[in-house]
Amino acid sequence: MNESRKPVASIGGIRAVNSLILLLFMMASAAWADGPDIEFRPPSTAEDPQTTMIMRDLAARLVPVYQEPDADRYLANLSVLQMAALDYTAADGSRLSLRERRRSTEAGLPVGRGIIYDMYARARAMEAENRSLFADNFATSFREMVSGLDDQDAYTVIRWLETPLPELRNALQAALDGLRNKDRIDQAEAVELIRSYVSFDAYRALNPLIAGLVAEDDNRRYVVDNESIKGAGGAGISAMVIRPKGRTAVLPALFEFTLSGSRNYAKECAAHGYVGVVAHARWNRGSPDGLSPFEHDGDDARAVIAWIARQPWSDGRVGMYGDGYGAFTPWATAKRPPPALKAIATSASIAPGISFPMEGGIFRNSAYRWSLHEPTAMAADRNSDDDEAQWSALDQTWYRSGRRYRDLGRIFGRPNPIFIRWLNHPSYDRYWQKLVPYREQFAKLNIPVLTTTGYYAGSQAADLYFFSQHLRFNPHADHTLVIGPYDDGVMEQGPSATLQGYQLDSAALADLRELRYQWFGHVLKGAAAPSLLKDRVNYQVMGANEWRHAPSLEAMAGQSLKFYMDAGASNETHPLAQHRNAKSAFVQQTMGFVDRMDGGHVPPTELVSKNLETPNGAVFVSEPLGDQTEVNGLFSGRLDFKVNRMDMDLFVMLYEQRADGEYIRLFDPTYEFRASYARDRVHRHLLKAGERQELTFKSERFTSRLLQKGSRLVFVVGISKRPDREINYGSGNDVSEESIADGRIPLKVRWYNDSYIEIPVRGRVAEKP
């Protein structure tokens, strides 16, 4: 027998000892109480040379006194303490006892993350017992425990093993810093700290070994082909195809058509029993004006789908998925869906002309940056793209110069015809309409669609646009929406327990990528529908720790509450009243376009804050809520105003101000829109300077939150003027042609107290007496 495969000599004895310990522990569990506090001084950093010794000492002191009434949790935590104490033989025995206990109760369930500890403890135990190399022992442990798993479980384990080491280092550092001002810690704090340390220490040892073992396992499981496929007009499209090895039956394919290969889910698709295809968008390099984002992707994706359907391994059915640019391409394809396209699932979408390169009709500087760097993918450009300082400097230089927005590229030294072409189409005109389904074209889309987005996702406007337009023109469309307290990175990175300072409910920590595969399994393989998807709209109610379900956005809220923008109170805040003030009055705002001293202001990124930063905004605050109130959906409003300009760019924001004074953003980013496009994306309707008038709007920011009794609603409305945005001076001309010369006279607007917002709610607000 190969020495590296010899069993650990003391395993049988350890199993017996652990069983006895567990029996005694179970007998004593009725008298269990928290263990005594432990004296502890944390090391300065996670990688301090003293950290291992300090954690070993802490674990060694805790092992003899550690108590926990749940037997499984006891063994799991005990093994971690034993690993930190460097008693790997005992840890291996504890892990073995835990596996034996769970073997009957967890049969048929997906593999658990504890398998990482199983492999690590076994390898360290063999190293100590056989005096052999850890690398060889871990390879043996990996092969023994992973080779017997099915493709999906094996992929999950490998995904865990490939966790970036900095993530674990940062988690350990945060844990150490959290104990910095303490002299003693309790048992629970000690166990969590040691668990964080052992994870970092184990991954630090495993990290150099993973790539080779993964390549070996992949070679055993998958067939990988790199293909060149003829796209529209005969252009070559590069694609990677990964399929399960040894399958003789034809399979459906899951297909992503995206920009680059930095993130590739083809293997993950194959692990879930599909053929995974990832193709890369090409750009029309032969065109006289350079590259052409968006314009050819629909035709190219249809050509790739036709190629997939002809392959001998294909059953003729294709599902498309993606996020970012990869979520635009399924919609571009769906403008004329090919017969083989059977389903699409998107997240963090781009809707050209709706959410990019402008949103709410306002162009973003980030679109210029993207137009230079994303399509070309040149190394030098990507280095520049990483240099945030130079892009911030460009924003400030342009802002202080007062020059036309069209001069942004000239100021940077690289005029770009793509960006200028976009600026030539400020309305949602034919140029944008031809890229994705428009109006009645949605009515012809009869395949299942899954859209995933978040209350704090910058892409929310695009995701909700596709969802609402599809159902508007095809009321019976099989289109499902999943939305919760997520940002744009949720599909790639998974939900984080804390998002920009906001603590998510445990119910929100769902594996949304796995949910996507479950949905594809339902659509393409006849599996049961995922339990989370109980209706067309599935949303997580922040603060309630539960998911709710509704047949439509409108059905989420049984009613709406109207709040008027009262002109009373101080200069800093004004009442947000549930009853209109019969006396006509107004709040006046003045915006000086010439003043550029505000260019250094950085909008806050935290979702929870003690202070409200509202430059250029008027703040309206409600009375405390007399009861819990569930806000669900898209809020709307009517602004009654008089302005001395023919146009203006507005921003609106909603907060919950809790009884403790903290402010919670109900959505993010702030909703901004151009007044002249609020009524109609396609045609511009200028304001009437000097006349009292009304403007209705509906927010493109969705939220769901259970507001607490005693909280207040805070509404902010103001004029948008930022260094990273196009500036609307209100002349009524092409905004991209305007300059500071058009803003010599300050913009003045009066918000009359007939103005109001309507908040969709599930339960009636009780006014505080």
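The values are calculated or read from the model by the stated rules, or taken from the named source; none is laboratory data. Because the structure is a prediction, the values reported are computed rather than measured. Positions of Cβ are backbone-derived with ideal geometry, glycine not excepted, and every protein chain shown enters the neighbour counts. For accessibility, only protein heavy atoms count, side chains too; no ligands or nucleic acids. Shrake-Rupley method; radii C 1.70, N 1.55, O 1.52, S 1.80 Å.
Peptides 520-526, 91-97: what's the order by average Cβ count within 10 Å, highest mean first?
Order by mean packing, descending: 91-97, 520-526.
For the Cα atoms of the chain, what angle does the longest principal axis make with the long axis of helix 114-130, in degrees from 0 to 90, nearest 10?
40 degrees
Just the number please: accessible area per residue for the chain, 1.4 Å probe, all protein chains included, in Å². Please list the in-between numbers first.
On the way: 32060 Å² over 769 residues.
Computed with neighbouring chains in place, this is 42 Å² per residue.
What order do you get for 171-177, 636-642 when each peptide is scored by the mean count of other beta carbon atoms within 10 Å, highest first?
By packing density, highest mean first, the sequence is 636-642, 171-177.
On a C-alpha basis, how far is the centre of the range 426-485 from the centre of the range 712-728 in Å? Whole number, if you could?
Measuring centre to centre over Cα atoms gives 26 Å.
In the P(r) worked out for the range 613-749, what percent of Cα pairs fall beyond 28 Å?
Of all Cα-Cα distances in the range 613-749, 25 percent exceed 28 Å.
Where does helix 297-310 land angle-wise versus the long Cα axis of the chain, in degrees 0 to 90, nearest 10?
40 degrees
Order 346-352, 211-217 from most to least packed using the mean count of other Cβ atoms within 10 Å. Don't jump to the answer; show the numbers that get you there.
Working: 346-352: 27.3, 211-217: 14.7.
In decreasing order of mean packing, 346-352, 211-217 become 346-352, 211-217.
Check each of the GluC sites (Glu not before Pro) in the range 652-725 and keep only those in coil by DSSP with at most 13 other C-beta atoms within 10 angstrom; list them in order. The partial results should precede the final answer.
Working: sites: E656, E662, E672, E691, E694, E700; in loops: E662, E691.
Within the range 652-725, the qualifying GluC sites (Glu not before Pro) (loop, at most 13 other Cβ atoms within 10 Å) are E691.
Would you calculate, for the chain, the mean residue ellipticity at 222 nm contributed by helices, counting each DSSP H stretch of 4 or more residues as -39,500 (n - 2.57) and dividing by all residues, to the nearest 500?
-10500 deg cm²/dmol
Leaving ligands, DNA and RNA out of it, report the carbon-plus-sulfur percent of the accessible area of the chain at a 1.4 Å probe.
Numbers: 15840 of 32060 Å².
Carbon and sulfur together cover 49 percent of it.
Taking the Cα-to-Cβ direction at R336 and at R184 and moving 7 Å from each Cα, how far apart do the two end points lie in nm?
That separation, rounded to one decimal, is 7.7 nm.
Mind checking the angle between helix 460-473 and the chain's longest principal axis? C-alpha axes, 0 to 90 degrees, to the nearest 10.
Helix 460-473 sits roughly 70 degrees off the main axis of the chain.
Considering only DSSP beta bridges where both residues belong to the chain, give the percentage that are antiparallel (nearest 5).
Approximately 70 percent, going by the DSSP bridge assignments.
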